[in-house]
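> Structure in structure tokens, see below.
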Amino acid sequence: MNNEEAFDHIGRLIDLSGDAAFARGLERALTLLDELEKRDVTIGQGAVIHYFRANVWSLKAELAGHKRSWAWEQPETQQEILSLSHAVSHEGFEKLHPIRQCQILTNRANLLNGVGRFVDALESWDRALRILPKFAMALGNRARGLGFYARALHDPGHQGLFWLHAHDAAVKAGADDALFDSFYPGLSEQFGAMAVSIAQNVPVDMIRESQNLDGFSLGRSKREKAYRRWCLEERLFLNPLNDLGAHSIAANDVLTLPSLTEIKPPTRPGFAPPIIGFFNQMKQEFASARFMLFEGLIAEGVHFSDKDVLLYNTLDYPSYSLAMERVRTSFRIAYSLLDKTAFLINDYWCLGKRPDQINFRNVWMVEGKKTLLPAFEEYENWPLRGLFWLSKEIHNEALKGATAPDARELHDLRNHLEHKYLQVHEGWAVAGFVDAFATGELGKSLSSHEMEAKALRVMKIARSALCYLSLAIGREEELRDSKRPDGPVFSMPLSTWDDAWKRSR
């Protein structure tokens, strides 16, 4: 049979095996997909193979009982995310029909949301809706995701806006002109019922009347306005509202830790718990790295600090400048926040790990092993599980190889920046000389465009990590409060650090 007939045959096998809960049929489908991949298929068909493979793993996850499980380790779900990520990053993705693109993006977003990576899920749903604004499955699942996100927030004002946007997305998903990719009996009515349920429990009309998403200043100077607009468009503010879009209401870094109740004897009686200062420092490092990246990206001309710095011409169009060093430094700072996140997790959750051996890869694991800590195996903390799965994308060999090009090799790149030799070449010159510019065993080589894209990606990952961390601690405080015996709890109000005090000396 030809390729088209093979796709039809495998598609029917997947559907029938799923309906019959026939595991051997699903295994056979995986084997046939592997064989089909070896054929001379078009690049579009190559992307569809990954989509079909994801559908198989989705059905296998249902058979394993993982679709609604609190299990942190879910091999079938990991394989499904892997397959969908391969499909999205495949060169043939852009050749697919818009509906197929939206199916892939929506399914991937649903999975990310399920494991706790709701910030990243919203970006994927929104990408699908930029392709087809009325795609019902993206709208409906985005509505559900916004509802889960709202429940995780500890700011009532933010919660209200998230519920409003969830309601509006559900209304659109259930509308007569919503675009469905297949026939789903009763699903349109379910989306409509979701909107009604939200409206019955949340004063959406009052919130709509009082909301003012775009009436806030972005600063005084043209440069500040450009900076804040860039942050909004890239979703880089430490503010959950930035996940609703590039609205000026989100042009500030208001994300903080929730109210804390110390369970360990205070190390500094009369002072705030050290964890608050630690999170402050992480926020400041993120904000500073973010601005360094912006300055590196928009820089023009030669900075005076680069003048009279004697460098040899190595004939491979190197990128030497203060602007590029700002980009490189922003990458290093943003990546370091991931290991600092792990350090804070170890302290707050009292994991008892050796401080000098903690990193974002191993904080979840039994000491010296690749086994998840028993305390986390089915722990009901959704944002914390999201952090765990975020670490998988960076450190898991299979997952990190399936991500978009700007998210690949981030750990290796960080090691070269910190400890080895990373040579960056002018982007315009690299296209025809990639092999010639290779640095061999001495180091790693990439273009300025790649360096900038990867720095932006790490910045977004760090932002997601800080959001998940704050909300995970909020969830943990709820769990601890529910188990705490009745008795007095003494509070210590904290004021904020005024912007006028943020001086260099």
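> What ranking do 358-364, 202-208 get when scored by the average of other Cβ atoms within 10 Å per residue, highest first?
By packing density, highest mean first, the sequence is 358-364, 202-208.
> Still on this model: For the stretch 294-366, compute the orientation-averaged projected area of the C-alpha convex hull (one quarter of its surface), in nm².
For the Cα atoms of the stretch 294-366, the hull's average projected area reads 7.9 nm².
> Beta carbons within 10 angstrom, averaged per residue: use that to sort the peptides 415-422, 172-179, highest first.
172-179, 415-422
> Follow-up. Using only the alpha-carbon atoms of the stretch 256-490 as identical scatterers, what base-10 log of I(q)/I(0) does the Debye formula give at q = 0.11, 0.17 Å⁻¹?
-0.67, -1.26
> Sticking with this structure for a sec: Rank-order 222-234, 84-96 by packing density, defined as the average count of other C-beta atoms within 10 Å over each peptide's residues, highest first.
Packing order, densest peptide first, comes out as 84-96, 222-234.
> Hey, another quick one. If the viscosity is 0.890 mPa s and the temperature 25 °C, what Stokes-Einstein diffusion coefficient in µm²/s follows for the stretch 97-211 when Rh is the Kirkwood radius over Cα pairs?
So the translational diffusion coefficient is about 174 µm²/s.
> Which loop-located chymotrypsin sites (Phe, Trp or Tyr not before Pro) does the stretch 265-352 contain, where loop means any DSSP state but H, G, I, E or B and the Cβ has at most 11 other Cβ atoms within 10 Å?
Passing sites in the stretch 265-352 are Phe271, Tyr312.
> Going down the list Lys283/Lys460; Lys222/Lys454; Lys369/Lys392, which pairs span over 23 Å between their C-alpha atoms?
Lys222/Lys454
> Within the stretch 302-353, which trypsin sites (Lys or Arg not before Pro) sit in a loop by DSSP and count at most 15 neighbouring Cβ atoms inside 10 Å?
Sparse-neighbourhood loop trypsin sites (Lys or Arg not before Pro): Lys307.
> From the mean inverse distance of alpha carbon pairs (Kirkwood) and the Cα radius of gyration, derive Rg over Rh for the chain.
Computed over Cα atoms, the ratio is 0.97.
> Here's a follow-up. Ignoring everything except DSSP H segments at least 4 long, calculate the 222 nm mean residue ellipticity for the chain; use -39,500 (n - 2.57) per segment, divide by total residues, nearest 500.
When only DSSP H runs of four or more count, the value is -19000 deg cm²/dmol.
> Once you order the gyration tensor axes a ≥ b ≥ c over the Cα atoms, which shape class does the stretch 53-140 get: rounded for a/c under 1.5, otherwise prolate or oblate by comparing a/b with b/c?
Here the stretch 53-140 falls in the prolate category.
> Which percent of Cα pairs goes in each bin when the distances of the stretch 105-172 are cut into 10 angstrom slices starting at zero?
Per 10 Å bin, starting at 0, the Cα pair percentages come out as 25, 55, 20, 1.
Rule-based calculations on the coordinates, nothing more; no lab input. Everything numeric in this text was worked out from a predicted model, so none of it was measured. A quick note on method: Cβ atoms are made from the backbone with ideal geometry, for glycine too, and the neighbour counts reach across all protein chains shown.
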